[in-house]
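The values are calculated or read from the model by the stated rules, or taken from the named source; none is laboratory data. Everything quoted here is computed from the prediction, not taken from an experiment. Cβ coordinates were reconstructed from backbone atoms using ideal geometry, including for glycine residues, and neighbour counts include every protein chain displayed.
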Amino acid sequence: MSSIIISPWDDGLFTETAKLLRQSMPGYPFPDFLFREKLTGDPDFHPGLVFTSFEEDILTGFIMGVVRKRDSGPAGYVKLIGVRPGYERRGIGSRLLAEQENEMKRRGLRSLRLFESYPNYFMPGVDPAFAGAVSFFESAGYKKFNETSNLEVFLPAGGFAVEDDIQRLSLKGISIRKAQPGDRSKIMYWLAVNFPEWKGEVAEAFRNDPITLFIALHNDTVIGFAGYEANNRGTGWFGPMGTDIAFRGLSIGRVLLRLCLNSLQKDGFTKAVIPWVGPVKFYEQSAGARIDKHFWRYEKILN
């Protein structure tokens, strides 16, 4: 067996690495433009947390880590990992993962989670359909602590009905519209108070042209929002979304959701992805969403 050589990231390997990742994740479309978004398009991208592996000049594996600034302190994530098909069970993944863990520990990180590196992430956990991945991470000391799902919605050609709800809400002094550049500061302030975890993705929605965010207002005060194409652009990605607790129960979330889905349909998508879902019932009743993929969430305490 040839020796495994671990090397730092070289962007000249971009196209070959994107192909390797596609091959290692069957069932998950991963075009080059999406890899670019996940890689150097990440605001926290650091080349010192990206490694490749080689055997006899053949690219055999890839791993990317990222460190996020959270309210509780820095948080480390394995964001992407893949091994070239035909080279599994040769210790490549273990070498790459050990390299990543050691670098995280060198940077002072005390724990590491898998894949859920919001606001820029590809999937919110490990897909248990990949039994080999589950076995690999559990053998490496990662502990499952939760589960979540991605939903999918098939987008009707005529869109979802919203006008009656918009009219009903207007009688209560609530307006819903597409966000404008001048709304950014008040929305980001409101998010900092109510949904700080979604500031990153909403900021990305504001960077899109046109802006991919709808907002709900009461007396010109933000009370809700929903975005789309703010992460995994080009895949029909919905979210994030949130409504002020004082205004829940008025179907504001349903209207915001449907407006986003209608926009995705107009942009040419035939289905949408609703990721990392808690209230499955809400999305099923509001848009006929169904569970598409399930994920197990893992964490490891670094010794």
Quick count over region 157-173, residues being over 30 Å from the mean Cα position of the chain (by Cα), within 15 Å of Arg254 (Cβ to Cβ) and among the aliphatic types (A, V, I, L, M), is 1
Give region 1-33 a look and list any residue that's within 25 Å of Ala131 (Cβ to Cβ) and either within 15 Å of the chain's Cα centre (by Cα) or not hydrophobic (A, V, I, L, M, F, W, C) (or both), or say none. Thr17, Lys19, Arg22, Gln23, Ser24, Pro26, Gly27, Tyr28, Pro29, Phe30
Scan of region 1-31 for residues that are under 25 Å from Val67 (Cβ atoms) and not aliphatic (A, V, I, L, M), ordered by number: Ser7, Pro8, Trp9, Asp10, Asp11, Gly12, Phe14, Thr17, Ser24, Tyr28, Phe30
So if I check each of Ser111, Ser72, which one is of a type outside the set (D, E, K, R), modelled with pLDDT of 95 or more and surrounded by fewer than 15 Cβ atoms within 10 Å (Cβ to Cβ)? Ser111
Starting from residues that are surrounded by fewer than 16 Cβ atoms within 10 Å (Cβ to Cβ) and in contact with an Asp or Glu (Cβ under 8 Å, 6 or more places away or on another chain), keep the ones in region 194-213 and report whichever is nearest to Leu261 (Cα to Cα). Asn208
I'd like the residue in region 18-54 that is in a helix (DSSP H, G or I) and touching a residue at least 60 places away in the same chain (Cβ under 8 Å) and, out of all such residues, is nearest to Gly76 (Cα to Cα). Lys38
Can you give me the number of residues within region 167-182 that are loosely packed, with under 15 Cβ neighbours inside 10 Å and part of a helix (DSSP H, G or I)? 5
Return yes when Ile223 is modelled with pLDDT of 95 or more, surrounded by 14 or more Cβ atoms within 10 Å (Cβ to Cβ) and β-branched (Val, Ile, Thr) and no when it is not. yes
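I need the full set of residues from region 132-163 which are among the acidic types (Asp, Glu) and more than 21 Å from Leu97 (Cβ to Cβ), in order please.
Taking region 132-163 first, the residues among the acidic types (Asp, Glu) are 138, 147, 152, 163.
Across region 132-163, the qualifying residues are Glu147, Glu152, Glu163.
Residues checked against (1) within 18 Å of Tyr118 (Cα to Cα); (2) touching a Leu at 6+ places or on another chain (Cβ under 8 Å):
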| residue | (1), (2) |
| --- | --- |
| Gly200 | yes, no |
| Thr221 | no, no |
| Phe225 | yes, yes |
| Asn232 | yes, yes |
| Phe238 | yes, yes |
| Met241 | yes, yes |
| Phe247 | no, no |
| Ser251 | no, yes |
Which ones in region 1-17 are assigned to a helix (DSSP H, G or I), surrounded by fewer than 15 Cβ atoms within 10 Å (Cβ to Cβ) and among the hydroxyl-bearing types (Ser, Thr, Tyr)? Thr15
Say whether the condition of being among the polar types (S, T, N, Q) and without any contact (Cβ under 8 Å) to a residue 24 or more places away in the chain is met by at least one residue in region 69-87. yes
Just one of Pro124, Pro119, Pro128, Pro156 is outside any helix (DSSP H, G or I), touching a Ser or Thr at 6+ places or on another chain (Cβ under 8 Å) and not aromatic (Phe, Trp, Tyr); which is it? Pro124
Any residue in region 282-294 that is under 30 Å from Gly76 (Cα atoms) and buried (at least 18 other Cβ atoms within 10 Å of the Cβ)? yes
